Every structure is written in structure tokens, then in C-alpha cells.
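What follows is calculated from the coordinates using simple rules that are stated; it is not laboratory data. Quantities reported herein were computed from a predicted structural model and do not represent experimental measurements. No Cβ is skipped: glycine too gets one built from the backbone with ideal geometry, and neighbour counts run over all protein chains shown.
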Amino acid sequence: MPELAEVDFFRRRWWEAAARQTVLSAEINPPSRVFRSFAKEFAGGTTALAKTLSGAKLTDSATHGKQMWFVFKPGAGNGKPKELLWLGIHLGMTGHLRAELPDYRAQKHDAIILRFSKHALVFNDARQFGRVRAWLGAAKERPPWLRDLPNEILSSAFTPELVRSVCARHARAPLKAVLLDQSYFPGIGNWMADEILWRASLHPALPAGRAATQVIAKKLHATIQQVTRDALRVIAGQGKKLPPDLNVHIPDTWLFNHRWEKGGLCPKTKNPLHRAEIGGRTSCWSPARQKLGQA
DNA sequence: CACGATGTTCCCTG
DNA sequence: CCAGGGAACATCGT
């Protein structure tokens with residue numbers, strides 16, 4: 001499910017339920033594939049993670065694209081006093097976070113349950129394409145997996161020139177595939193990419209090199225930022241109250257509500273939408289406004 | 001029963 | 001080493 005706005009929605013759901021609270025107990029279910037390679041990266045593996053989390057205070061949280069993390073201050077007697085614990089969560093395809101009542105009983109595919117006095121925080125992932133990481137370090141440091149992150153889409157370093165150079169470098173790849181590259185466009189996923197290309201009137205199969213002009217890159221850059229702002233506002237309730245769930249009302253003027261509909265129509269032209277696999281993913285576009293011939 | 005799903009990573013080829 | 005394409009991962013819902 002999750003692209004950058006959904007990721008921030010889930011982060012907020014945990015944070016608003018348990019910010020600055022202390023973990024009473026932690027249940028970690030290592031059979032879940034989300035802990036693949038965990039033991040290699042965290043001394044003591046999932047057992048040590050559960051032990052460190054128990055008695056720790058949730059002190060911070062953040063996202064970067066599809067990455068999200070929670071920072072804990074471990075309780076006394078757990079490691080060095082000045083160390084903090086970073087818990088990184090990637091939701092993969094089907095991962096989600098919930099805040100349940102304190103007496104919540106584990107369900108199928110629950111990978112993590114953190115019990116606090118007022119809530120139980122749950123990470124559940126049926127397909128287990130998600131991933132959990134953890135790291136202990138001094139307060140001023142950062143886990144290796146949070147170093148050297150790409151520029152966030154709404155940061156000032158994310159420029160039209162950056163978009164242009166990425167398109168030039170991957171000149172022969174379909175534009176859709178380039179937009180899905182997390183090392184350049186952190187947080188963009190399948191629906192956002194389709195939404196961006198549709199709004200910018202660019203065909204998903206357009207070789208990216210043909211978008212590597214100043215004019216097109218500028219338009220693409222502006223559309224990427226606009227879709228990102230819209231998604232964060234509508235889905236994650238940015239700057240407002242957290243929406244109760246992900247079934248928020250998405251305006252029918254977006255492609256979003258039409259891209260999976262049978263016989264779906266382009267909201268702008270009212271002509272039929274097309275679907276095909278491009279860049280390894282099912283893509284939806286409006287042939288009436290997104291043409292391969294002209295960019 | 002078959003197909004595909006809002007993702008990432010590894011492997012192969014040129 | 002790079003760019004690009006395809007398969008694999010695992011489960012569930014239509």
C-alpha cells in the first residue's frame with residue numbers, strides 16, 4: 001500500500017498514540033520475513049531487540065520517502081546510558097501500522113507488538129516484503145541506513161536540473177521506470193508515478209532522454225512536487241488532524257480514483273484510460289493527453 | 001484455479 | 001563499472 005504519504009500516515013498513527021511513552025513489553029516475531037538479515041545487522045538479533053525495547057521511551061520519529069524510523073531511549077541497565085535505539089521500518093507492499101488497545105492479542109502476520117500503558121502498537125505485513133532494521137548508537141550519530149539519503153522531493157536541493165540530469169542519465173529507460181527509482185525520487189510509487197505523468201501529459205513509456213530538456217524537466221519537477229504536496233495533505237493530513245484511516249476522500253479530479261476502474265475514463269478528457277505493463281509495473285494513462293510522439 | 005497487487009533486490013546481459 | 005530488464009520473494013483477495 002505505502003508510498004510517501006501513506007508511510008507518513010502510519011508513522012503518525014504510532015507516534016500520536018505513544019509519543020514520549022515507555023514500552024512495557026515488546027513482542028518480536030522473527031519467523032516473519034521482515035526480519036530477514038536482521039541478525040546480521042544487530043548484535044543479539046531479535047531477542048536483543050525485544051530486550052532493548054522493553055523499558056525504552058519513544059522519543060522521536062520521522063520518515064524519508066518510504067523509509068520510517070522511531071527513536072527510543074533505552075531504560076536503565078540496557079547498554080550504555082547515552083545510547084539511543086533506532087528502529088527502522090519499511091512497509092514493503094502490504095505492511096501497515098496500527099494502534100490497538102493495550103490488551104490486543106497477536107494476529108497472523110504481526111511482526112512487532114509494542115505494549116504501552118494506553119496502546120499496543122502493531123506492525124503487520126502479510127506479504128512480508130517489508131523490512132525491520134535496528135541500530136544502537138550515540139545521540140548525535142545515525143544508523144548506516146540513514147546516511148547518504150537522496151534529496152527529499154520537497155527539499156530545496158530537489159531541483160529541476162536534478163530531474164533533467166536523471167532523465168539524461170537514464171535516457172533509454174521508460175520515464176515511468178525512472179520515476180520509480182528510489183535513489184532519485186524517494187517515496188514515489190506506482191500510483192504517484194502514474195498521477196504525475198498524467199498531470200504532466202507525459203506518456204509512461206516515453207524514453208526519459210526525451211524529457212531531459214529544461215522545459216520538460218521543469219514541468220516534471222513542478223508536477224512531482226505538487227503531487228507530493230497533495231498526497232501528504234489529503235492522505236497523511238499534513239498540518240491537520242490525522243485522518244482516521246486511509247479511506248480518505250480523494251478528489252475525482254485525480255487519476256487515482258479511476259486508474260483501476262473497469263472502463264475508467266480520464267477525468268480531464270473523458271476518454272478511456274489505457275493500462276499496460278511499463279517499467280515492470282502496471283501503468284495507467286490517458287492516451288488522449290499522454291502521447292509517445294510528442295513530449 | 002489463475003491472476004495480479006501503492007516494493008525491493010538479486011542476477012543476467014550488453 | 002553502468003544501464004536496463006526480468007525473475008524472485010509470500011500471501012491474499014477477486
Using the Karplus equation 6.51 cos²θ - 1.76 cosθ + 1.60 (θ = phi - 60°), what ³J(HN,Hα) coupling, rounded to whole Hz, does each residue of the range A:101-115 give in order, writing x for Gly and Pro? 6, x, 8, 3, 9, 4, 10, 3, 6, 5, 9, 9, 10, 10, 9
Label A:K51 and A:A126 with points 7 Å out from Cα along Cα→Cβ: what is the distance between them in nm? 3.6 nm
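Could you order the peptides A:106-116, A:258-268 from most to least packed, using the average number of other C-beta atoms within 10 Å per residue?
Those peptides, ordered most packed to least, come out A:106-116, A:258-268.
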With Cα atoms, 0 to 90° folded angle of helix A:160-169 axis to chain A main axis: 80 degrees
Please find the FRET efficiency linking A:T253 to A:A288, where r is the Cβ-Cβ separation and R0 is fixed at 22 Å, and quote it to the nearest 0.05. 0.90
Heads up, the range A:4-139 by the C-alpha gyration tensor (a ≥ b ≥ c square roots of eigenvalues; a/c under 1.5 rounded, else a/b over b/c prolate, else oblate) looks rounded
For the range A:4-139, what is the relative contact order in percent, using Cα pairs closer than 8 Å and at least 6 residues apart in sequence? 31 percent
Restraint check, A:K57/A:K82; A:K51/A:K140; A:K51/A:K73; A:K176/A:K262; A:K66/A:K291, Cα-Cα greater than 19 Å: A:K51/A:K140; A:K176/A:K262; A:K66/A:K291
Any idea what angle helix A:190-199 forms with the longest principal axis of chain A, computed on alpha-carbon atoms, 0 to 90 degrees, nearest 10? 30 degrees
Amide H contacts under 5 Å for A:M93, placed H, 5+ residues apart: A:F129, A:G130
Report the label-to-label distance for A:A106 and A:Q238 in nanometres (one decimal), using points 7 Å from each Cα along the Cα→Cβ vector. 3.7 nm
Ranked list, fewest to most other Cβ atoms within 10 Å of each Cβ, for A:Y184, A:Y104: A:Y104, A:Y184
Net charge of neighbours whose Cβ lies under 13 Å from the Cβ of A:H90, counting Lys and Arg as +1 and Asp and Glu as -1: +4
Select from A:E152, A:E141, A:E161 the residue whose mean-square fluctuation is largest in a Gaussian network model of chain A (Cα-Cα springs shorter than 10 Å). A:E141
Under a point spin-label approximation (7 Å from Cα along Cα-to-Cβ), what is the A:S37-A:K218 distance to one decimal in nm? 4.1 nm
Can you check what the net charge comes to around A:Q226, using other residues whose Cβ is under 11 Å from the Cβ of A:Q226 (Lys, Arg +1; Asp, Glu -1)? +2
How high is the relative contact order of the range A:160-285, in percent, with contacts defined as C-alpha pairs under 8 Å that are six or more residues apart? 28 percent
Given the options A:L53, A:L202, A:L154, state which has the largest fluctuation in a GNM of chain A using a 10 Å cut-off (strictly under) for Cα springs. A:L154
